[in-house]
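S.K.: I have a structure I would like to understand better, so I am pasting it below and will then ask my questions one at a time.
The values are calculated or read from the model by the stated rules, or taken from the named source; none is laboratory data. If you're wondering where the values come from, they're calculated on a predicted model, not measured in any experiment. Glycine gets a Cβ as well: all are built from the backbone with ideal geometry, and neighbour counts include every protein chain shown.
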Amino acid sequence: MVEYKSNFNLEERTASYSKLVIDLSKDLVRDLESNIFRKQLVRSGTSVGANYIEANEAFSDKDFLYRLRICRKEAKESDYWLKLIKHSCLGYNTKEINNDIDALIDETNQLIKIFSTIILNKEKQLNQQEGSKS
């Protein structure tokens, strides 16, 4: 069962998210169809944290925003695959796995909101800086 504690360190939080995605992928049915879903989910789900680390090492504010947008995009893709897996019953259709998927969908949506807020705030900050230069 997925247990997730709120964590405001996004590097740690996205790493935990990646681990939960990998753990869930191990519990999915093993067939050709689910292998496609599994690979896509693991790719997008683990990319969220990797791109967040890259964002923190950005060369500029624009680079930071670009990489955060990638984090958000990958999280949205993960949300898509999680919902598709849930609705396709690829998790042996057990209550525990469905609860894990629901918890991951919730965490994914929280991450999307966090990234969106950071992006919005950074864009406002950059616009204010540009306005004060004029």
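S.K.: What is the residue count in the range 80-109 for residues that are surrounded by 16 or more Cβ atoms within 10 Å (Cβ to Cβ) and more than 16 Å from the chain's Cα centre (by Cα)? Talk me through it step by step, then tell me what you get.
M.R.: In the first step, residues of the range 80-109 are kept if they are surrounded by 16 or more Cβ atoms within 10 Å (Cβ to Cβ); the result is 81-82, 85-86, 90-91, 97, 100-101, 103-105, 107-108.
So of that shortlist, the ones also more than 16 Å from the chain's Cα centre (by Cα) come out as 86, 90-91, 97.
Total satisfying the criteria: 4.
S.K.: Give the residue that is surrounded by the fewest Cβ atoms within 10 Å (Cβ to Cβ), with candidates limited to residues of the range 32-46 that are modelled with pLDDT of 95 or more and β-branched (V, I, T).
M.R.: Quick first cut of the range 32-46, residues modelled with pLDDT of 95 or more only: 39-46.
Remaining after also requiring β-branched (V, I, T): 42, 46.
Numbers: V42: 18, T46: 20.
Here the residue is V42.
S.K.: Here is a check on your reading of the model: is F59 buried (at least 19 other Cβ atoms within 10 Å of the Cβ) and either of a type in the set (A, V, I, L, M) or at negative phi (or both)?
M.R.: Values: buried (at least 19 other Cβ atoms within 10 Å of the Cβ): no; either of a type in the set (A, V, I, L, M) or at negative phi (or both): yes.
Answer is no for this residue.
S.K.: Please tell me if I119 is under 30 Å from K62 (Cβ atoms), touching a residue at least 24 places away in the same chain (Cβ under 8 Å) and in a helix (DSSP H, G or I).
M.R.: Values: under 30 Å from K62 (Cβ atoms): yes; touching a residue at least 24 places away in the same chain (Cβ under 8 Å): yes; in a helix (DSSP H, G or I): yes.
Yes: the conditions hold for I119.
Yes or no, residue by residue, for (1) surrounded by fewer than 19 Cβ atoms within 10 Å (Cβ to Cβ); (2) at pLDDT 95 or above; (3) at positive phi; (4) outside any helix (DSSP H, G or I):
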{"site": "E3", "(1), (2), (3), (4)": "yes, no, no, yes"}
{"site": "S6", "(1), (2), (3), (4)": "yes, no, no, yes"}
{"site": "E11", "(1), (2), (3), (4)": "yes, yes, no, no"}
{"site": "R30", "(1), (2), (3), (4)": "yes, no, no, yes"}
{"site": "V48", "(1), (2), (3), (4)": "no, yes, no, no"}
{"site": "I53", "(1), (2), (3), (4)": "yes, yes, no, no"}
{"site": "A75", "(1), (2), (3), (4)": "no, yes, no, no"}
{"site": "S78", "(1), (2), (3), (4)": "no, yes, no, no"}
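S.K.: Please work out which residue is nearest to the chain's Cα centre (by Cα), limiting yourself to the range 122-134 and to residues that are over 20 Å from Y66 (Cβ atoms) and part of a helix (DSSP H, G or I). If you could, list the steps in order and put the result at the bottom.
M.R.: Taking the range 122-134 and keeping what is over 20 Å from Y66 (Cβ atoms), we get 131-134.
This time we only want the ones that are part of a helix (DSSP H, G or I), so: 131-133.
Numbers: G131: 33, S132: 35, K133: 36 Å.
Here the answer is G131.
S.K.: For the range 95-124, give me each residue that is more than 22 Å from E12 (Cα to Cα) and either among the basic types (K, R) or in contact with a helix residue (DSSP H, G or I) (Cβ under 8 Å, 6 or more places away or on another chain) (or both).
M.R.: Once the filter is applied, which keeps residues that are more than 22 Å from E12 (Cα to Cα) and either among the basic types (K, R) or in contact with a helix residue (DSSP H, G or I) (Cβ under 8 Å, 6 or more places away or on another chain) (or both), the range 95-124 yields K95, I97, N98, E123, K124.
S.K.: Just give me the residues in the range 26-67 being within 14 Å of the chain's Cα centre (by Cα) and of a type outside the set (G, A, S), in sequence order.
M.R.: Q40, L41, V42, R43, T46, V48, N51, Y52, I53, R67 - these are the residues of the range 26-67 that are within 14 Å of the chain's Cα centre (by Cα) and of a type outside the set (G, A, S).
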